[in-house]
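To start, the structure under review is shown below, and the notes come after it.
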Amino acid sequence: MDFLSYLINGLSLGSVYAIIALGYTMVYGIAKMLNFAHGDVIMVGAYVVFFAISSFHMPLAVGLLLSIAVCTVLGITIERLAYKPLRQASSLSVLITAIGVSYFLQNAAQLFWSSSTKVFPSVLSNGALQLGGLSISYLTLVTIGTCILVMACLMLFINHTSTGRAMRACSEDKGAATLMGINVNLIISITFAIGSGLAAIASVLLCAAYPSVYPTLGAMPGIKAFTAAVFGGIGSIPGAFLGGLLLGIIEIFAKAYISTQLSDAIVFAVLIIVLLIRPTGLLGRRIREKV
Amino acid sequence: MLEIKDLRISYGMIEAIKGISFVVNDGEIITLIGANGAGKTTTMHAISGLLKPVSGSILLNGTELTRIPPHRIVSLGLAQVPEGRRVFAEQTVEENLVLGAYARKDKEHLNEDLDSVFSLFPRLMERRKQPSGTLSGGEQQMLAMGRALMAKPSILLLDEPSMGLSPLLVSEIFHIIEEINKKGTTVLLVEQNAKRALAIADRAYVLETGRITLSGTGEELAQDERVKSAYLGG
């Protein structure tokens with residue numbers, strides 16, 4: 001029974017990682033860059049929901065929508081101001097800029113909202129579903145359900161809409177996509193908007209499970225989700241989903257059966273082993289050499 | 001009508017196109033021939049907006065193409081089949097063709113247009129649900145041409161369509177180019193296979209290290225001694 005409940009907890013944590021990892025993998029797939037500020041967008045999303053609920057007494061749904069709106073605009077703005085001017089620059093310059101944006105957001109949060117930890121109000125009922133001897137909290141069910149819903153919507157969007165086809169085309173060949181009449185800059189903006197909107201959703205799930213809000217809140221989940229994206233094969237949407245879930249399960253199992261202190265080390269050790277065997281991740285596309 | 005006037009293009013310090021001018025009239029097949037590195041693909045990329053020229057003008061029916069965003073050009077009626085085909089390998093044949101019509105506003109005739117592409121290239125019909133990366137080189141060339149035709153262009157730019165294909169396929173591709181032209185689409189063709197290109201061209205230009213050195217009808221150039229020795233193997 002313990003095993004099952006650990007598995008479900010792992011799926012729940014993994015669902016949050018997966019939602020964040022989708023943002024990393026989509027941006028990488030289309031803009032070919034690692035957006036290390038993605039974790040800090042989660043942090044901004046968490047503050048927005050926190051203030052909406054605590055200070056302005058809005059219902060959770062309104063707070064969430066507001067947070068999605070703010071993060072979406074933030075994501076598009078970051079891309080326009082920080083990354084777009086570097087479209088032709090080396091990937092190292094873009095990477096360093098992304099790290100810079102990350103520090104900028106963390107320090108801006110410290111400046112505006114202080115570095116002291118704020119306690120996120122309890123937003124979902126503490127109840128639990130009893131299944132035989134197994135107790136699954138509603139939060140866990142909502143988290144896993146949200147992840148599946150997000151994934152399903154995203155797959156439908158990517159595979160069955162004109163914009164989704166255009167996004168896939170941009171991820172393969174931006175020049176050829178331009179010849180089709182696709183506005184590549186617009187597609188990149190849309191990608192950042194979707195990734196950042198997902199970060200806002202993740203922030204609520206994260207803060208519901210770990211109810212403290214502080215300026216560096218996004219750093220650790222961000223790096224874990226990035227790991228999940230690489231684990232699953234960066235650039236691949238099903239890969240981010242699978243990588244996120246597996247990472248969550250491995251982390252919870254490592255905590256439960258091996259050592260709480262060593263759990264992060266074990267997670268990264270698994271990543272290293274996977275990358276040694278499959279350098280492109282579990283579902284990553286094999287890199288074809290251009291002739 | 002496509003008018004190129006005094007076009008200059010540089011890669012950094014190196015001037016690749018040194019002021020060329022030429023005209024493609026409606027209904028014509030025009031070919032640009034020349035050796036590797038003469039600037040043929042560079043010229044094509046400038047016309048379709050993938051490269052910004054240093055100076056000069058590219059007019060399509062009076063619209064200055066160098067001043068509009070590259071993704072808008074296809075909706076003005078100019079489509080390009082790029083060198084190396086550049087099909088979207090992970091998408092199916094049908095998805096590639098639908099992407100070809102991305103910029104069009106009249107999407108209600110999409111199925112008829114798919115059918116007309118399939119009648120021109122029956123082999124694509126058999127493979128419509130297959131990822132394009134699994135097609136042979138010739139099939140990918142057909143797909144790249146079909147994809148460009150889905151934009152319903154008035155002028156079609158073809159960059160090295162015969163590259164890497166077997167002689168039999170080359171004949172087939174050139175036959176199809178003529179057929180497309182007969183249906184009313186103007187064609188600008190860039191080719192290393194000068195013999196085949198001159199045979200179907202109304203007029204032709206010879207490009208040598210960034211300059212147009214000769215021009216004339218396809219027939220005239222095919223008989224020209226300089227062209228014969230340089231491009232037609234004596």
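A few points about this structure:
- All positions within region B:161-183 that are at pLDDT 95 or above and within 14 Å of chain A (Cβ to nearest Cβ): none
- Test: residue in region B:49-58 that is modelled with pLDDT under 95, within 22 Å of residue B:140 (Cβ to Cβ) and either assigned by TED's automatic domain parsing to the domain that holds residue B:157 or among the small types (Gly, Ala, Ser) (or both): yes
- Leading residue by the ranking (farthest from the other protein chains (Cβ to nearest Cβ)) among those in region A:140-174 that are in contact with a Leu (Cβ under 9 Å, 6 or more places away or on another chain) and among the small types (Gly, Ala, Ser): A:164
- Residues satisfying the stated conditions in region A:217-238, i.e. small (Gly, Ala, Ser) and either more than 16 Å from residue A:102 (Cβ to Cβ) or buried (at least 24 other Cβ atoms within 10 Å of the Cβ) (or both): A:218, A:222, A:225, A:228, A:229, A:232, A:233, A:235, A:236
- Flag for residue B:1 being surrounded by fewer than 18 Cβ atoms within 10 Å (Cβ to Cβ), at pLDDT below 95 and more than 19 Å from residue B:154 (Cα to Cα): no
- Total residues in region A:64-92 satisfying the condition of being modelled with pLDDT under 95 and of a type in the set (Gly, Ala, Ser): the figure is 3.
- Qualifying residues in region B:61-80 (those that are surrounded by 20 or more Cβ atoms within 10 Å (Cβ to Cβ) and assigned to a strand (DSSP E or B)) - the one nearest to the other protein chains (Cβ to nearest Cβ): B:80
- Scanning region A:110-138 for residues that are at pLDDT 85 or above, under 21 Å from residue A:213 (Cα atoms) and not aliphatic (A, V, I, L, M) yields A:110, A:112, A:113, A:114, A:115, A:116, A:117, A:118, A:120, A:121.
- Candidates A:208, A:177: the one that is hydrophobic (A, V, I, L, M, F, W, C) and within 11 Å of chain B (Cβ to nearest Cβ) is A:177.
- Looking at region A:74-186, the helices (runs of 4 or more DSSP H) lying wholly inside it that each contain 3 or more residues that are over 18 Å from residue A:26 (Cβ atoms) and within 18 Å of the chain's Cα centre (by Cα) sit at A:91-113, A:138-160.
- Taken over region A:29-48, the residue count meeting the criterion of being at pLDDT below 95, within 21 Å of residue A:104 (Cβ to Cβ) and not in a loop (DSSP other than H, G, I, E, B) is 1.
- Selection from region B:94-117 of residues that are closer than 17 Å to residue B:81 by Cβ, of a type in the set (A, V, I, L, M, F, W, C) and more than 14 Å from chain A (Cβ to nearest Cβ): B:117
- Test: residue in region B:81-93 that is surrounded by fewer than 21 Cβ atoms within 10 Å (Cβ to Cβ), in a loop (DSSP other than H, G, I, E, B), facing chain A (nearest Cβ under 9 Å) and hydrophobic (A, V, I, L, M, F, W, C): yes
- Subset of region B:118-131 [more than 14 Å from chain A (Cβ to nearest Cβ) and either surrounded by fewer than 20 Cβ atoms within 10 Å (Cβ to Cβ) or acidic (Asp, Glu) (or both)]: B:118, B:119, B:120, B:122, B:123, B:125, B:126, B:127, B:128, B:130
- Check on residue A:224, more than 22 Å from the chain's Cα centre (by Cα) and charged (D, E, K, R): no
- Those residues of region B:40-60 which are among the polar types (S, T, N, Q) and more than 11 Å from chain A (Cβ to nearest Cβ), in sequence order: B:41, B:42, B:43, B:55, B:57
- The residues listed here are A:54, A:93; of these, the one that is surrounded by fewer than 17 Cβ atoms within 10 Å (Cβ to Cβ) and without any contact (Cβ under 8 Å) to a residue 12 or more places away in the chain is A:93.
- Within region B:20-39, the residues that satisfy the criterion of being under 19 Å from residue B:156 (Cα atoms), in contact (Cβ under 8 Å) with a residue 60 or more places away in the chain and of a type outside the set (Asp, Glu) are B:21, B:22, B:24, B:25, B:27, B:29, B:30, B:31, B:32, B:33, B:39.
- Close contacts from region B:6-19, counting a first residue that is in a strand (DSSP E or B) and modelled with pLDDT of 90 or more and a second that is exposed (fewer than 15 other Cβ atoms within 10 Å of the Cβ) and of a type in the set (Asp, Glu), with Cβ to Cβ under 6 Å and a gap of 6+ residues or different chains, come to B:19/B:6.
- Hits in region B:178-217 - residues which are without any contact (Cβ under 8 Å) to a residue 24 or more places away in the chain and over 24 Å from residue B:229 (Cα atoms): B:182, B:183
- Single residue of region B:147-160 satisfying the filter (of a type in the set (D, E, K, R) and within 12 Å of chain A (Cβ to nearest Cβ)) that is farthest from residue B:97 (Cα to Cα): B:159
The values are calculated or read from the model by the stated rules, or taken from the named source; none is laboratory data. It should be emphasised that the depicted structure is a prediction, and the values quoted were computed from it without experimental measurement. Here the Cβ is made from the backbone with ideal geometry for all residues, glycine too, and neighbour counts use every protein chain on show.
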